[in-house]
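Report on the structure given below.
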């Protein structure tokens, strides 16, 4: 059986080439060598790329490259799930159990209010 971390790494490797192409990422890399992977995922997530939204969910959930923030994790998983990324939908219940009712309400409000940028 493959571990969750190994599965996530495999998916990341397989999809990163497609995710990190385009003018935004190449321009950023050409102009600022200090840009982080999380910043690239954030850019793509804000543009509506469901896979990047899923990765941000994990980053916030685990505190890996971003501060640990379960509200932000739920927000990004919910947005990715709404965009059809089924793996994100599978983790929402687990994240929901980690939130207080007030935090859950905030996370849902943030997800519902989100709109992609161009």
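The values are calculated or read from the model by the stated rules, or taken from the named source; none is laboratory data. Since this is a predicted model, take the numbers as computed values, not measurements. As a convention, Cβ positions derive from the backbone with ideal geometry for all residues, glycine included, and neighbour counts pool all protein chains shown.
Just to be sure before I move on: is residue 64 modelled with pLDDT under 95, exposed (fewer than 15 other Cβ atoms within 10 Å of the Cβ) and within 12 Å of the chain's Cα centre (by Cα) in the structure I sent? Spelling it out, residue 64 is indeed modelled with pLDDT under 95, exposed (fewer than 15 other Cβ atoms within 10 Å of the Cβ) and within 12 Å of the chain's Cα centre (by Cα).
Quick grid of which residues meet (1) part of a loop (DSSP other than H, G, I, E, B); (2) touching a strand residue (DSSP E or B) at 6+ places or on another chain (Cβ under 8 Å); (3) modelled with pLDDT of 95 or more; (4) surrounded by 15 or more Cβ atoms within 10 Å (Cβ to Cβ):
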residue: 58; (1), (2), (3), (4): no, no, yes, yes
residue: 74; (1), (2), (3), (4): no, no, yes, yes
residue: 78; (1), (2), (3), (4): no, no, yes, yes
residue: 94; (1), (2), (3), (4): no, no, yes, no
residue: 104; (1), (2), (3), (4): no, no, yes, yes
residue: 108; (1), (2), (3), (4): no, no, yes, yes
residue: 117; (1), (2), (3), (4): yes, no, no, no
